[in-house]
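Notes follow once the structure below has been shown.
Rule-based calculations on the coordinates, nothing more; no lab input. These figures come from a predicted structure and were not determined experimentally. Cβ: placed from backbone, ideal geometry, glycine included. Neighbour counts: every protein chain shown.
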Amino acid sequence: MIRPGEEWGIPTAAAPDLDVPGDDADLARAAAAHPGALIRFRPGADSDLAGAVGLRAGAGPGGDIGVEVTLDLLDIAEHGPSVNMVVIGSPPDASGRFVRRFGANVRVDGKPVFHGPCTAIVIATGQFRRGLDLVPRGHPGDGRAEVQVYAVPGRERRQLRARLATGTHVPHPKITQRAGARIAVTTDRPVPLEIDGRVDGRADVVAIEVVPNAYRLLF
């Protein structure tokens, strides 16, 4: 777990335990199956985690000495793991004026933080979604998840979407932001669930727990 002022990453000459090509979902499955493993990740162009940690698409460590960083995992009950981001509802970049809202209750570390209608709930260890700076506070190694609940009125959503690329959509009076290790969401009807960029059906109950120091990434 990274704390303010601490360096992130240590030099290592160790060989990786696993070599994982692909996207964030591929990395999540490998990390969950091999807790604590040292993983060489060869990200595809659509990996948002790679952008958050500064790993170039298709890159791998070079030379005899690499750097390993310890990263967190999101454990999503009955749905599997995530290394970057979970979106419940309509993703903020797809939220148009007439996107239908749903009722939601959100608790973080056992405390109620939101009750009412919204269009999206974002839970993230990472920062980016499809290259957009959706969660500027996101850090995949600080032992917590950032939570955003979008209750932005329809007439304001176009302006909000224009600000997602730079992360200037927050703070916003209609976007609730919290951080914690345990997140519980219930909705008044099943809504779309996206995990690390992949659609995972619909859900009306989502329980997420941060697994700190879940795996190590080799640069």
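Net charge around residue 170, counting only other residues with Cβ within less than 9 Å of its Cβ (Lys, Arg = +1; Asp, Glu = -1)?
Combined, the nearby Lys, Arg, Asp and Glu give +2.
Starting from the Cα of residue 204, step 7 Å along the direction of its Cβ; do the same at residue 111; then give the gap between the two resulting points in nm.
2.9 nm
Once you keep just the Cα pairs under 8 angstrom separated by 6 or more residues, what percentage relative contact order results for the chain?
On the way: 544 pairs, mean separation 59.9, N = 219.
Value for the chain: 27 percent.
Determine the shape class of the stretch 135-201: with a ≥ b ≥ c the square roots of the Cα gyration tensor eigenvalues, call it rounded for a/c under 1.5, and otherwise prolate if a/b is greater than b/c, oblate otherwise.
Oblate shape, in that a/c is at least 1.5 and b/c is the bigger or equal ratio.
Give the peptides 74-85, 117-128, 144-155 in descending order of average Cβ contacts within 10 Å, highest first.
Top of the packing list down: 117-128, 74-85, 144-155.
How large is the dipole of the chain about the Cα centre if only Lys and Arg carry +1 and Asp and Glu carry -1, each at its Cβ, rounded to the nearest 20 debye?
1220 debye
Let me make sure I get this right: for the stretch 106-157, a, b and c are the square roots of the gyration tensor eigenvalues over alpha carbons, sorted descending. Under 1.5 in a/c it's rounded, otherwise prolate if a/b > b/c, else oblate. Which is it? Kindly include the intermediate steps, with their values, before the conclusion.
Numbers: a/c = 3.39, a/b = 1.16, b/c = 2.92.
In terms of gyration-tensor shape, oblate.
Taking the chain as a Gaussian network, where each spring joins two C-alpha atoms under 10 Å apart, which residue of 11, 192, 43 fluctuates the most?
Among 11, 192, 43, the largest mean-square fluctuation in the Gaussian network model of the chain belongs to 11.
Can you compute the FRET efficiency between residue 8 and residue 34 using 1/(1 + (r/R0)^6), with r the Cβ-Cβ distance and R0 = 25 Å? Round to the nearest 0.05.
Details: r = 21 Å, r/R0 = 0.85.
After rounding to 0.05, the efficiency reads 0.70.
Which entry is the computed volume of the Cα convex hull per residue in Å³ for this structure: [x] 136; [y] 111; [z] 164?
Of the listed options [x] 136; [y] 111; [z] 164, [y] comes from this structure.
Percent relative contact order of the stretch 83-201, based on C-alpha pairs within less than 8 angstrom and at least six residues apart?
35 percent
Apply 1/(1 + (r/R0)^6) to the Cβ-Cβ distance of residue 18 and residue 98, taking R0 = 45 Å, and write down the FRET efficiency to the nearest 0.05. Don't jump to the answer; show the numbers that get you there.
Numbers: r = 45 Å, r/R0 = 1.00.
For residue 18 and residue 98, the calculated efficiency is 0.50.
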